[in-house]
Amino acid sequence: MSQIGTAAQPLRVAIIGAGPAGFFSAERLLKDSSMVIEVDMFDRLPTPYGLVRNGVAPDHQKIKSVTASFDRTAGNPRFRFFGNVELGRDISVDDLKDYYHQILYTTGAQTDRHLGIPGDNLIGSHPATEFVAWYNGHPDYRDLEFDLSQERVAVVGVGNVAVDVARILCRTREELMKTDIADYALEALSNSNVKEVYILGRRGPAQAAFTAPEAKELGELDDCDALVPADEAELDPLSQAAMAEADRADVRKVDIIQELSKRHPTGKSKRLHLRFLVSPTELIGDEHGRVKQMKLVHNELYATDAGSMRPRATDRTETLDVGLVFRSIGYRGLPLPGVPFHESWGVIPNNGGRVQGSDGALLGQYTAGWIKRGPTGVIGTNRPDANETVDNMLSDAREGLVLTPSHATADEALAFVGERQPCFVTFQDWKTLDEIELSRGKEQDRPRVKFTRVEDMLEALGKSCSS
Ligand code: NAP
């Protein structure tokens, strides 16, 4: 047998998940000069880019330009994309072991966390992750319905996702027209009755998870006044002391919040209320089981022995009239069939990206991105994370610690995938879809008009098969 990692027998790697972690990993693998490596990347959707397409807010087009670097990776002749191929539906881990020396899982975090309060499941209470996927045109979420006839909405959590959701709810049609938001979401949001949006943080401004540029943007909306109650913008003595050692970005974030707290309504059509030190304790429904109110408790902060600031309920309570609730308290990973999973952490157990089974590291299986470390950090955070995993993959490969596939050629893998999912989508196919989306966008003076149904994508590609 030829040595693995040579032109005669390239190291064959399957990457499951075509988001940032998958692409950063592919880039690192393909740039390695010590071995000849071939990468096949799979995604259950026909479209690549993961959360860059389906998660990044549509009014943050600049962030999406990172896809140019993913396209450069995809242009490498030793890279192939197999979209519309799902692990567990079309192929299994055991199948992959027959065709690849290494398997890398980069499937991200696809679901949300629950609040665990009474009424959490009432009609009108949704995970923010679903709303985000809906307005971004994710095929699995495009048919969800959100009651935008409501005037008052609460978004629980003060991370960047909560801020994205609140901002999208407050944007005007003209603002949304400049984005690649799904066309049905553009219509629904343009016709929405939403007037008041509350973003609810359980701790204070100094502990808010959103970042300074996102906070600043809230104060710059065309037809929405961003307001912060003055008493909630003030820092308690413990937070004030902590700010002395905070980095510049956090100081700036608190400054922005305090500047917003000095503003008064200017008569814009919508109001966005940024609230701090409050926790929802119950959602109250009407006779149809639809959310109509949220009970809140006011918190105070205390320092733990480890030095972090935690919220503690006081005896002050409040009731908010809201007809729509989005819980935005963090994403959560989902298990993959045949792959170890840490239920309480929502990640694949790993050591530096090497997947851990009950008896230690699993030969030839790796993970990177949110499904490796949990849903933290920005897109760029996935690069060092992917590098760590890939460096361990390369080191294992050099030591011969790889799977022993019986069909270790690109042609055999292609034939196998084609047999399991005849309607797989190549990167060239995606580029065709991309061009159609861009040209439809041009007609409407928008960045792009997305396909949001898998059937429509396959039809546009002339692929006639039921998926
Ligand atoms: P996140 O940053 O982890 O924020 C989660 C928020 O939920 C925090 O404010 C947290 O408060 C709160 N929370 C958690 N449990 C809660 C509970 N039981 N009750 C009330 N509040 C609760 O998560 P995310 O917003 O989903 O974002 C995920 C990652 O994607 C982050 O790293 C984020 O920066 C990134 N992202 C970046 C951008 C961007 O760069 N523009 C956009 C979107 C997302 P505590 O702090 O008190 O726990």
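The values are calculated or read from the model by the stated rules, or taken from the named source; none is laboratory data. Fair warning: this is a prediction, and the values are worked out from it, not measured in the lab. Ideal geometry is used to build each Cβ from the backbone, glycine not excepted, and the neighbour counts take in all protein chains shown.
Restricting attention to region 307-342, which residues are farther than 24 Å from A166 by Cβ and hydroxyl-bearing (S, T, Y)? Within region 307-342, S308, T314 meet the criteria.
Scan region 124-173 for residues that are hydrophobic (A, V, I, L, M, F, W, C) and within 17 Å of A109 (Cα to Cα) and the total you get is 7. L189 passes every criterion in (1) among the hydrophobic types (A, V, I, L, M, F, W, C); (2) more than 23 Å from G289 (Cα to Cα); (3) at pLDDT 95 or above; (4) within 13 Å of the ligand (Cβ to nearest atom) apart from (4). Quick check on region 119-127. Is at least one of its residues touching a Gly at 6+ places or on another chain (Cβ under 6 Å), at negative phi and of a type in the set (A, V, I, L, M)? Yes: one or more hits. R202 fulfils the conditions (1) away from the ligand (no atom under 13 Å from the Cβ); (2) in contact with a Pro (Cβ under 7 Å, 6 or more places away or on another chain) except for a single criterion, (1).
Looking only at residues in region 247-294 that are of a type in the set (A, V, I, L, M) and under 17 Å from K216 (Cβ atoms), which one is surrounded by the fewest Cβ atoms within 10 Å (Cβ to Cβ)? The extreme case among them is A249. G377 meets the stated requirement of being under 25 Å from the mean Cα position of the chain (by Cα), in the same structural domain as G50 (by TED's automatic domain parsing) and exposed (fewer than 15 other Cβ atoms within 10 Å of the Cβ).
For region 205-233, filtering for residues that are in a loop (DSSP other than H, G, I, E, B), more than 11 Å from the ligand (Cβ to nearest atom) and crowded, with 22+ Cβ neighbours inside 10 Å leaves 1.
Taking (1) touching a residue at least 40 places away in the same chain (Cβ under 8 Å); (2) part of a loop (DSSP other than H, G, I, E, B) in turn, T376 satisfies each apart from (1). Taken over region 261-309, residues that are within 16 Å of the ligand (Cβ to nearest atom), closer than 23 Å to I168 by Cα and either in a loop (DSSP other than H, G, I, E, B) or outside the structural domain of V165 (by TED's automatic domain parsing) (or both) amount to 1. If you go through region 130-163 and keep only what is of a type outside the set (A, V, I, L, M, F, W, C), under 26 Å from T47 (Cβ atoms), more than 12 Å from the ligand (Cβ to nearest atom) and touching a residue at least 12 places away in the same chain (Cβ under 8 Å), you end up with E130, Y135, G137, H138, P139, R142. Going by what's in this entry, would N160 be described as modelled with pLDDT under 95 and either closer than 29 Å to E343 by Cβ or outside the structural domain of F23 (by TED's automatic domain parsing) (or both)? It is false that N160 is modelled with pLDDT under 95 and either closer than 29 Å to E343 by Cβ or outside the structural domain of F23 (by TED's automatic domain parsing) (or both). May I ask you to list the residues in region 310-351 that are assigned to a loop (DSSP other than H, G, I, E, B), surrounded by 13 or more Cβ atoms within 10 Å (Cβ to Cβ) and more than 16 Å from the ligand (Cβ to nearest atom)? Residues satisfying the conditions are G323, P335, L336, G338, V339, P340, F341, I348, P349. D250 fulfils the conditions (1) at pLDDT 95 or above; (2) within 15 Å of the ligand (Cβ to nearest atom) except for a single criterion, (1). Only a single criterion out of (1) more than 13 Å from the ligand (Cβ to nearest atom); (2) modelled with pLDDT of 95 or more; (3) in the same structural domain as E196 (by TED's automatic domain parsing) is not satisfied by L363, namely (3). Can you find a residue that is surrounded by 13 or more Cβ atoms within 10 Å (Cβ to Cβ), within 23 Å of Y135 (Cβ to Cβ) and of a type in the set (F, W, Y) anywhere in region 439-457? Among the residues of region 439-457, at least one is surrounded by 13 or more Cβ atoms within 10 Å (Cβ to Cβ), within 23 Å of Y135 (Cβ to Cβ) and of a type in the set (F, W, Y), which makes the answer yes.
Within region 380-407, if we keep just the residues that are outside any helix (DSSP H, G or I) and in contact with a Phe, Trp or Tyr (Cβ under 6 Å, 6 or more places away or on another chain), the residue that is surrounded by the fewest Cβ atoms within 10 Å (Cβ to Cβ) turns out to be H407. For region 134-182, a tally of residues being closer than 20 Å to I199 by Cα and not β-branched (V, I, T) returns 20.
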